[in-house]
RNA sequence: GCCGAGGUGGCGGAAUGGUAGACGCGGCGGACUUAAAAUCCGCUUCCUGCAAGGGAGUGUGGGUUCGAGUCCCUCCCUCGGCACCA
């Protein structure tokens, strides 16, 4: 009696054996081509849910496939372990963030091990350990010395709930916090920034990246490059030390159409340019703006607001006096915070002009324009009008001509403006890598010397959120000596955004234990760039963007010799459950554990791959997984029950050989393209055919054994435990995971017979099984003489016959 | 508003411009069983017909083609992202 399929027993047994034998240990083995297959490491939230498995199980199958294909595969795993939830848990439950995080890691590691992945656990990376964050701090110093890290006072995004500042990238949707969805407010604070804008142009270049188009578009939009010109408008009243105001415009060709001038309410010149008789109104407006939330202010479709300051600028092209207003739709952070308003050719300016009865002057003629007032702003191109010497010039040429004139006269120049802002990395929280900076009354800002790293987090800090870093109240941490003059000094108490930690973890995996450096340069040279990076698309302008910036900066510092970290990127879709994305806060998480116990990790892996195309995600279904579980059970029975050959039918043997090779071909192509769902249907078709053969027993024992051997190797990436067990039970040497991927023979994979479709006027009328190599004449002859076809063509005029080789004969007739 | 992705049986989903619905779930019928579960076999897009067959059918409406789920245009819906960026 053959024992029943017992996934739990099989899976734990093989996992122990694999671990004991270190079969997934990765060496830097130059004789094989390397393949770095990376999956985004999880945040240490406590439990992995099915959504995590959806990211990890298919990528593990892919890594296994690459291994079997003969690559030296690095497929590591680690934990993104700093961050707010740990601190919040500490506040709520009185557990230290370190203990909370480590407890979670322990549990998540157990869950990950139960998945049976090829992770080499000796390479695990945990970002909250001093052995790791020491190097995060080291990178900060490198950036500081390279002029890429600076401290500045700026209006920053503040999350009142998280009690910390946020990077622009972490403000999402209608101006809410990426983490807790609380509306974000603005605060004027002295903070640390990374100069990511220095790389704006380089970050736009995705030309050597095999990345999804939508991610590239999102990043491009985020950088927001605009070509245009910077133009100076002289102040009419030159009594102030400031003689002019610069604006940025993408349409210098419309400069004759300027009828008013706008400043952001926060613009530094506002108070100086406000005439006494307007002061009360201006102050009132500015106060009103200040209590508007950022997202209200930029909400589209709002009625335009603003006030006149009472002073004027002079238009450099025609010497006109232009009134200066302030309006909240002018953003202080973009361009110069000032706008030359051209209501005829900008919809926003037109709305403003209408509201405040300001003049509108058309200076670019729309097609067919006869001088009437425009209903809507015309933003297209056309001949210049009302533009002095430039009248009649096409606007594209006008653009060039105005730029040339401004440059010649010195009141303007061509320029490029980016929407991208520098990356704010300070966080007023405890659980992050301390920024390695000291403040000395004598020496000012002094970086901590490299040899003094790490700046350790004190274990005795209080975590109560006060809007300032808990480290600020920890005297033993704050008080230090100046590295330069040895006098008393204070430590920086802000910690770094966790995205700094995750901007270089993929380098650390290559040499996780090295104590001499952040990474071993030779190993990074061997493994990087990452061949394939998989994870969710939600990181498009955060993690993925920062990691690219980091890599480019490291390249410029000479620390690495490549400027893009991830050659190929693939985003899996989202697993939904009860109509919603799985998340703790929605309370709809499905834990893999109970399914692993009941049906086995192989079934969970298989179901997640079978659910649909990986990039589209899908709905988790308790019913769906039993289909895969039953299939694995059938495979168990198919292979463990002795096969008895009762007769040998050469035709069936040939057919089995053909189907086997066809399956190898399909499974290989599907894996390469992440089409796990169709890969599994191919395997099911083969196993269904094998079941039929086992019933009839009409192939020889050796042919049967060979087919089973192929089948198991094709199954190994998806169901590593079951494949190993059956490989072992069929007398093969350990381990199937060190076997080569099967190769197919093209002539065997090819179809020998095909169903010829016979259509009359494009409608299916008959089918007939023919040799695949059938010739055209023969096919036509056959089709025209079929009884079923004759009924449709007799007595009609044969117009033409279309023949698609070995597929279709379409007979076109007319009555 | 703009940019992506998508819309196919009761459900998840397959289909190089050439048999629409592979594979699986569910359902129905049968075998095994005292019975049930499990397992195995068969059927399962809809309408019509005793049947052979016929007709319709891939969100909507048009177009290209011998032939369209697939290509082009219009519109509708769902999901994701961006959004007063001068």
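Listed values, structure above:
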{"read-out": "Cα-based helix-to-principal-axis angle, A:720-729 vs chain A, degrees rounded to 10", "value": "20 degrees"}
{"read-out": "Relative intensity, log₁₀ I(q)/I(0), of the range A:102-143 from a Debye sum that treats every alpha carbon as a point, q = 0.21, 0.26, 0.30 Å⁻¹", "value": "-0.76, -0.92, -1.04"}
{"read-out": "Degrees separating the helix A:97-114 axis from the principal Cα axis of chain A, which is the longest one", "value": "30 degrees"}
{"read-out": "Overall dimensions of chain A by Cα: Rg and Dmax, Å", "value": "34.3, 110"}
{"read-out": "Exposure proxy ranking, count of Cβ atoms within 10 Å, fewest first, for A:358, A:656", "value": "A:358, A:656"}
{"read-out": "Projected label distance in nm at residue A:464 and residue A:746, using a 7 Å step from Cα toward the beta-carbon", "value": "7.6 nm"}
{"read-out": "Translational diffusion coefficient (Stokes-Einstein; Kirkwood radius from C-alpha pairs) of the range A:753-814 at 25 °C, 0.890 mPa s, in µm²/s", "value": "217 µm²/s"}
{"read-out": "Spatial separation of Cα centroids for the range A:797-812 and the range A:328-344, in angstrom", "value": "66 Å"}
{"read-out": "Peptide ranges A:172-184, A:418-430 listed from the most packed, as the mean C-beta count within 10 angstrom indicates", "value": "A:418-430, A:172-184"}
{"read-out": "Cα convex hull of the range A:470-594, projected area averaged across orientations, nm²", "value": "12.8 nm²"}
{"read-out": "Rounded tilt (10° steps) of A:50-68 against the dominant C-alpha axis of chain A", "value": "60 degrees"}
{"read-out": "The range A:630-667 and the range A:117-180: distance between their alpha carbon centers, rounded to Å", "value": "54 Å"}
{"read-out": "Label point 7 Å beyond Cα of residue A:787 along Cβ direction - residues of the range A:748-780 with amide nitrogen under 18 Å", "value": "A:758, A:765-769"}
{"read-out": "Compactness of the range A:195-241 as Cα Rg over 2.2 N^0.38 Å, two decimals", "value": "1.91"}
{"read-out": "Cα-Cα separations in the range A:410-478 greater than 16 Å, expressed as whole percent", "value": "64 percent"}
{"read-out": "Value of [θ]222 nm, deg cm²/dmol, for chain A, DSSP H segments ≥ 4, -39500 (n - 2.57) each, nearest 500", "value": "-11000 deg cm²/dmol"}
{"read-out": "Inter-part distance where the range A:519-579 and the range A:89-106 are each reduced to a Cα centre, Å", "value": "29 Å"}
{"read-out": "Ranked by how many other beta carbons lie within 10 Å on average, peptides A:277-288, A:122-133 from highest", "value": "A:122-133, A:277-288"}
{"read-out": "Order by protection proxy (mean Cβ within 10 Å, highest first), peptides A:592-599, A:390-397", "value": "A:592-599, A:390-397"}
{"read-out": "Cα-based shape type of the range A:105-190, given that a ≥ b ≥ c are square roots of the gyration tensor eigenvalues and the cut on a/c is 1.5", "value": "oblate"}
{"read-out": "Where the Cα pairs of the range A:616-684 fall when distances are cut into 10 Å bins, in %", "value": "16, 33, 36, 12, 2"}
{"read-out": "Mean projected area (nm²) of the alpha-carbon convex hull when the range A:251-358 is viewed from all directions", "value": "6.7 nm²"}
{"read-out": "Relative compactness, the range A:225-418, computed as alpha-carbon Rg over 2.2 N^0.38 Å", "value": "1.00"}
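Every read-out reported here was derived from the displayed coordinates using simple, explicitly stated rules and does not represent laboratory data. Every value quoted in this text rests on a predicted model; they were computed, and no experiment measured them. Every residue, glycine as well, gets a Cβ built from its backbone with ideal geometry; the counts of neighbours run over all protein chains shown.
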